[in-house]
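Asks: Structure incoming, see below.
The values are calculated or read from the model by the stated rules, or taken from the named source; none is laboratory data. Just so it is clear, the structure is predicted and the values come from calculations on it, not from any experiment. Cβ coordinates were reconstructed from backbone atoms using ideal geometry, including for glycine residues, and neighbour counts include every protein chain displayed. The protein model used for the area step is the full one, side chains on, heavy atoms only, and it has no ligands, DNA or RNA in it. Shrake-Rupley method; radii C 1.70, N 1.55, O 1.52, S 1.80 Å.
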Amino acid sequence: MSDEVHLYPYLVLGALLFTCGVVCMATKRNAIGILIGVELVLNGANINFVAFSKYNAVFQVEGMIFALFVIVLAAGEAAVALAIVLNFYNNHATVDVDGADELKG
Amino acid sequence: MLEWLSEFWKHNWEFVVAIIAAKLLIGFMLVNAIFSVWLERKVAGRIQDRLGPTRVGGKFGWLQTLADGMKLLIKEDTIPAAADQMLFRVGPYIALVGSFLAFIALPYGDGIIAREMNIGLFFMLAVMSSEVFGIILIGYGSGSKWSLFGGMREAAQMVSYEIPMALCVLVPVIVAGSMNLSEVAKQQQGIWNWYIFHDPFTFAAFWTYFTCAMASCKRAPFDLAEAESELVAGFHTEYSGFRWLVIFMAEYGSMFAVSGIANIMFLGGWSIGLPWELTTVFAQFLGEWPGWIVGNVLNVSVFMVKGWLLVFVMMWVRWTLPRLRIDQVMMLCLKYLIPISCILMAGVSLWTLYMPLLAQWIISLVIFVLSVAGTGFVVFRLITWAALPPGTGMPGMWRMEGLPGYQGAAKTH
Amino acid sequence: MLQTDLHSYVQLFAFGLVAGLTGLCAIATVVTQNIVRSATWLLFTLAGTSGIFFLLGADFVGAIQLLIYVGGTMVLVVFGVMLTAQGPFIHMKTNGAEWAISIAAGILLFSVLSVGLGSEYLARATGARGVSKDEDTKDSHHAATIGQALSGAPYGPERKNDNNAGTHYLLPFEIVSVHLLVVLIGAAYLARAKRRKEEIT
């Protein structure tokens, strides 16, 4: 059964998504772009969780439950982040995160 | 060769069946769109006291939609200069995929399902909710303010109406104890076992669900995303030709899909109302495989007729009621439908837990008898009215003679 | 003679297709300069991830992913873009040096992650096996198990007899529920801050 997909390719895919998310967070100046990067990172983690739940007997249910928690918390995170972004936009008329430098000494 | 084929079939029949099922579903979506558009035009014609299409393809204009479709295919597919090319192109297909995926988990008969899924109902709701993103992209990518307004309205409306829709559909799930659509349908053999008659809460849940389903399919009176009178054509203002066709295939597809959910969860699925599963009945007389096939031909036709009957009701509502305002649409959802659906869900849980079985049985019988009597009465009035001389008021017409401020109306005879 | 058993090939092919598309869409999310296009690529990535979940037999998680991420979070993100847009289509500009640094860092991170995983994987030599052959991806009843675990009932095949085991997830579930309520109130409070400011000034 060497043709079947094993755990490793899933982990690589998760790592790819994670890396893309990190690069996205680093390069985008738009606050919503950064939010998109965060979602990518969380998805990379989720792929790992679910892959472990399939390939590791101890982690069978736990992996999925963790993935569910991650999805739900990501939704909450997105809601709060967007509320902050909207508030920021109302005050500064921009969503460029470089504009948020009022606390600079 | 034959041996090899049979060997191949034995090992890999799943893939062959999967490919056939996918082809059939795509074909069904196309036929459904063609038929529904024809039906819509005929229904609209009848309700507005005209004939609708009459010439193409015989007396009833059967081929009108096909002719329209051919016209759309050879039409120039314009993309506005202000549009975002990629989003403009990709939007309709996202909507279509969302609507198409819903059919994967929808059973048409005993075992006539593309993929048996333990959480079929939930899967259908989930993929239909991704249709909204296609609509938003269509609205945003068009680069036109009408489209943008339509897209924004659609986003707000669909995301809000998903909540009461899902809650209402959970009411029969609590009764049935399963989200597997085939299993739920099989529990409802015999018209008195249909979950719409199970208790007052499921009865109310059906109507609430149907309202939300109409709204989530962006059908009038909730078609604020299109709103021809204020937004030109709403989110699809800039579309023409094939992509426009795709948008409407998605819309009619999801109309049939939500009707299918209503059928299976409330109206007995493919059951015609008799207390037996047709496939097993025919299997006794005709043998296993022929019986299965004959029974399922009947099952599938019953399911389709029921589905299109509900689609017809949506059209009936569309051409009868005036359009709401956007704030009224949102208020209806957030202030009324969500609390109602929460109450229904709590109510049905308490009902199934604490109501004595005899009382449950009696009340479900009462609901069943009352609904059948009510339907019969309406049909009777419609038939007798059709036989009356012209000019007589319609049954159910609101007579205003007795009201204060009544200043007389056009003479009725 | 042709190999008649297609199952493993189809599985491999399906995984390769979905994973490849997901990865490409993830890269496109990063590379594209237009914020709504980026969100669209993210949508495809999320849909691909849910496809991976379906391939792994986690139907419930896949459906949740579609419902919450695609139907909820992504709509929210695009809504946010629309509400904060100044021009018709926003372009984010990133200069060349930043790109070079971040791409180099990204490749480095990815190779560290995958090589690290790979060495761990090879060290085990046998590789991770599927949980069991009979529990196929075709007919998974994970949804019921997840429900039991979240409602605090004993769950899982081997834990049926042990009343104390398997009740771990009721408290996290409640915490998440309360968290969502707090998020609801907090987001509503934050988003309506402007109106208050106008009243003051």
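Asks: Residue by residue, what Karplus-based ³J(HN,Hα) values in Hz, rounded to whole numbers, does region C:111-116 have, using 6.51, -1.76 and 1.60 with θ = phi - 60° and x for Gly and Pro?
Replies: 5, 4, 4, 6, 5, x
Asks: Follow-up question, since we're still on this one. Output the Cα-based Rg and Dmax of the protein assembly as shown in Å, rounding Rg to one decimal and Dmax to a whole number.
Replies: Expressed in Å, the Cα Rg and Dmax of the protein assembly as shown come to 27.5, 94.
Asks: Measure out, as a whole number of angstrom, how far apart the alpha-carbon centroids of region B:252-288 and region B:297-364 sit.
Replies: If you average the Cα positions of each part, the centres end up 19 Å apart.
Asks: If you wrap a convex hull around the C-alpha atoms of chain B and split its volume per residue, what is the figure in Å³?
Replies: Numbers: hull volume 86.8 nm³, N = 413.
So the per-residue hull volume is 210 Å³.
Asks: All other residues with a Cβ under 12 Å from the Cβ of B:LEU245 taken together, and with Lys, Arg as +1 and Asp, Glu as -1, what is their net charge? Intermediate values should be presented prior to the final figure.
Replies: Values: positive: B:LYS71, B:LYS75, B:ARG243; negative: B:ASP68, B:ASP77, B:GLU251.
In short, 0.
Asks: Where in chain B lies the longest segment free of chymotrypsin sites (Phe, Trp or Tyr not before Pro) that are both loop residues by DSSP (not H, G, I, E, B) and have at most 10 other Cβ atoms within 10 Å?
Replies: Result, exposed sites excluded: B:1-397.
Asks: A follow-up question, please. Enter the accessible area of C:HIS179 (Å², nearest 10), with the probe set to 1.4 Å and all protein chains included.
Replies: 70 Å²
Asks: Next up: Beyond 26 Å between alpha-carbons counts as too far, so tell me which of B:LYS306/B:LYS335; B:LYS218/B:LYS335; B:LYS42/B:LYS186 fall in that bin.
Replies: Working: B:LYS306/B:LYS335 31 Å; B:LYS218/B:LYS335 19 Å; B:LYS42/B:LYS186 34 Å.
Checking Cα-Cα distances, B:LYS306/B:LYS335; B:LYS42/B:LYS186 exceed 26 Å.
Asks: Within region B:15-113, list the trypsin sites (Lys or Arg not before Pro) lying in a DSSP loop whose Cβ has at most 12 other Cβ atoms in a 10 Å radius. Mind showing how you got there, number by number?
Replies: On the way: sites: B:LYS23, B:ARG41, B:LYS42, B:ARG46, B:ARG50, B:ARG55, B:LYS59, B:LYS71, B:LYS75, B:ARG89; in loops: B:ARG50, B:ARG55, B:LYS59, B:LYS75.
Of the trypsin sites (Lys or Arg not before Pro), the ones in loops of region B:15-113 whose Cβ has at most 12 other Cβ atoms within 10 Å are B:ARG50, B:ARG55, B:LYS59.
Asks: In sequence order, what are the phi-derived ³J(HN,Hα) couplings for region B:71-81 according to the Karplus relation 6.51 cos²θ - 1.76 cosθ + 1.60 with θ = phi - 60°, rounded to whole Hz, with x for glycine and proline?
Replies: With coefficients 6.51, -1.76 and 1.60, one gets 4, 5, 5, 8, 6, 5, 9, 8, 10, x, 5 Hz.
Asks: Count charges around B:LYS186 for me, please; just the other residues with Cβ under 9 Å from its Cβ, Lys/Arg as +1, Asp/Glu as -1. Can you show the working numbers first?
Replies: Working: positive: none; negative: B:ASP110, B:GLU183, B:GLU277.
Computed value for this residue: -3.
Asks: Averaging sequence separations of C-alpha pairs under 8 Å and six or more residues apart, then dividing by the length of region A:7-93, give the relative contact order as a whole percent. Walk me through the numbers on the way to the answer.
Replies: Values: 83 pairs, mean separation 22.7, N = 87.
Worked out over region A:7-93, it gives 26 percent.
Asks: Tell me, what ³J(HN,Hα) does each residue in region B:376-382 have, in order and in whole Hz, if you take phi through Karplus 6.51 cos²θ - 1.76 cosθ + 1.60 with θ = phi - 60° and put x for Gly and Pro?
Replies: Per residue, the Karplus-derived 3J(HN,Hα) values read x, 4, 4, 4, 4, 4, 4 Hz.
Asks: Give me the Kirkwood hydrodynamic radius of region A:7-93 in Å, from all C-alpha pairs, to one decimal place? Don't skip to the end; give the middle numbers.
Replies: Working: mean 1/r = 0.0717 Å⁻¹.
So the Kirkwood estimate lands at 14.0 Å.
Asks: What is the sum of charges around B:MET29, taking Lys and Arg as +1, Asp and Glu as -1, for the other residues whose C-beta is under 14 Å from the C-beta of B:MET29?
Replies: Numbers: positive: B:LYS23; negative: B:GLU131, B:GLU251.
Its environment carries a net charge of -1.
Asks: Peptide C:175-183: average number of partner chain Cβ atoms within 10 Å per residue? Intermediate results must be reported in sequence, preceding the final value.
Replies: Working: counts 1, 5, 1, 0, 4, 5, 1, 2, 9.
Mean inter-chain Cβ contacts per residue within 10 Å come to 3.
Asks: Still on this structure: Could you work out the Kirkwood radius for region B:29-157, taking every pair of different alpha carbons, averaging 1/r and inverting it, reported in Å? Could the numbers behind the result be given before it?
Replies: Details: mean 1/r = 0.0576 Å⁻¹.
Across region B:29-157, the inverse of the average 1/r is 17.4 Å.
Asks: GluC sites (Glu not before Pro), restricted to region B:1-99: which are DSSP loop and have at most 12 other Cβ atoms within 10 Å? Each step should come with its number before you reach the end.
Replies: Working: sites: B:GLU3, B:GLU7, B:GLU14, B:GLU40, B:GLU76; in loops: B:GLU76.
For GluC sites (Glu not before Pro) across region B:1-99 that sit outside H, G, I, E and B with at most 12 neighbouring Cβ atoms in 10 Å, the list reads B:GLU76.
Asks: If contacts are Cα pairs under 8 angstrom and at least 6 residues apart, what is the relative contact order of chain B in percent? Write down the numbers at each step before the final one.
Replies: On the way: 573 pairs, mean separation 79.9, N = 413.
Normalised by residue count, the contact order of chain B is 19 percent.
Asks: When the accessible area of region B:83-367 is split by element with a 1.4 Å probe, what percent falls to carbon and sulfur?
Replies: Numbers: 7800 of 10420 Å².
C and S atoms contribute 75 percent here.
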